[in-house]
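Below: one structure, written as structure tokens.
The values are calculated or read from the model by the stated rules, or taken from the named source; none is laboratory data. Because the structure is a prediction, the values reported are computed rather than measured. Cβ placement follows ideal geometry from the backbone for every residue including glycine, while neighbour counts extend to all protein chains displayed. Heads up: the accessible areas ignore ligands, DNA and RNA and are worked out on the full protein's heavy atoms, side chains in. Shrake-Rupley method; radii C 1.70, N 1.55, O 1.52, S 1.80 Å.
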Amino acid sequence: MTNGPRSGLSAVSTAILAMSRHLEVRDVLQTIVVSARELLGADYAALGVPDDHGGFAQFVVDGVSEEQWKAIGPLPRQHGILAAMLQDATPQRLADVRQDPRFEGWPDAHPDMCDFIGMPVADGDEILGALFLANKREPCAGFTARDEELLRTLAQHAAIALVNARLYERSRELTIAGERARLAHELHDAVAQKLFSLRLTAQAATALVDRDPARAKGELQEVARLAAEAADELRAAVIELRPAALDEDGLVATLDNQVKVLDRAHAARVTFTAGPVRALPAAQEEALLKVAQEALHNALRHSGGAKVEVTLCRSGQGAVLRVADDGRGFDPGAVRRAGRHLGLVSMRDRAHGVGGRLTVVSEPGQGTAIEMEVPGG
């Protein structure tokens, strides 16, 4: 890495442009970590987003293989130097992290680290996360004051990109809420029409009871039919509008409900088919649901297709989820080269996080199929 000012500013500019291309929070986090590691020439980089319980809601790494990451075990807690950056918003630059009195060790499978630099990612007074790197590649160099300034600049822009991504995801949630509200209004109107017809029919039956009992009987049968239809509409409203509850309803029912909502809310035909599926670990079911939601969002917002098919079937001890559309499709290779991911990075991360795999098949004009397979428990 060349340490001249021009090369440093150019590298920061490249990193900032890369971050600005993404809208998904997970994609932004991954780009921040990769950009920081490349910018400072480090072997390892990570970014932790804290939760409210002393742990991390998200923790993204670069420079560690998938096998290493699995062997390391559970996510770290907020302690030692990580806690210092999260609590005080204070940058940390150490010649040897292992000699710092706050160092509390790491798991056996964790790579050995020496020189260390950490930078809080903050939006005003709110600390969004902690970005840290270890083992600068240049022999015996360690991280410099200039590295710290470059990382500070990157962290400031990373905060903007992360806030924007969160706002984008929030806007998507509001869009879904709006679709649900519109659907509720439509269902309310349908039920109201049924009840109005039921009332008129009941009044007609009352008037006919004495002078034409046979016709009155027919009207009462119509009352029963309309009442049954109204009950069905109300049942649909209750089932399809309630939030997803995997722990209560299970994966199949939750997917079925959400697909029905989307089918009513969009012009495209959205269908769901499920075969016999074994009960899966909770983490796998949650990952499958999140991937299905992301894939459906992409298909309905970007593909321009007339049909989206969701299928879930058993595969050995696990399951396979498939979301396919007949839309315009795309070239996955071109998307990667352009630095756009359409949520594919976050979907792959979710699949890998539960020991599964994600496959994307798409060509321009040929639609898109996203398939996720998990091994089961």
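Of the conditions (1) open to solvent by less than 50 Å² (accessible area, probe 1.4 Å); (2) farther than 26 Å from residue 352 by Cα; (3) out of contact with any strand residue (DSSP E or B) (no Cβ under 7 Å at 6 or more places or on another chain), residue 95 satisfies every one except a single condition; which number is it?
With respect to (1) open to solvent by less than 50 Å² (accessible area, probe 1.4 Å); (2) farther than 26 Å from residue 352 by Cα; (3) out of contact with any strand residue (DSSP E or B) (no Cβ under 7 Å at 6 or more places or on another chain), residue 95 is out only on (1).
For region 249-276, which residues satisfy the criterion of being touching a Ser or Thr at 6+ places or on another chain (Cβ under 9 Å) and more than 16 Å from residue 325 (Cβ to Cβ)?
274, 275
Would you mind listing the helices (runs of 4 or more DSSP H) fully within region 25-113 where at least 2 residues are of a type in the set (Lys, Arg)?
So the answer is 25-40.
Run down 150, 198, 154, 167 and say which single residue is surrounded by 14 or more Cβ atoms within 10 Å (Cβ to Cβ), modelled with pLDDT under 85 and either at positive phi or part of a helix (DSSP H, G or I) (or both).
Among 150, 198, 154, 167, only 198 is surrounded by 14 or more Cβ atoms within 10 Å (Cβ to Cβ), modelled with pLDDT under 85 and either at positive phi or part of a helix (DSSP H, G or I) (or both).
Being farther than 9 Å from residue 367 by Cα and either touching a helix residue (DSSP H, G or I) at 6+ places or on another chain (Cβ under 9 Å) or free of Cβ contacts under 8 Å to residues at least 24 places away in the same chain (or both) is the filter here, so list the residues in region 299-321 that pass it.
Answer for region 299-321, where residues must be farther than 9 Å from residue 367 by Cα and either touching a helix residue (DSSP H, G or I) at 6+ places or on another chain (Cβ under 9 Å) or free of Cβ contacts under 8 Å to residues at least 24 places away in the same chain (or both): 300, 301, 308, 310, 312, 318, 319, 321.
Condition test on residue 283, is it buried (at least 17 other Cβ atoms within 10 Å of the Cβ) and in a helix (DSSP H, G or I)?
So residue 283 does not fit the description; no.
Looking at residue 36 and the list (1) open to solvent by 20 Å² or more (accessible area, probe 1.4 Å); (2) in contact (Cβ under 8 Å) with a residue 60 or more places away in the chain, which single condition is not satisfied?
(1)
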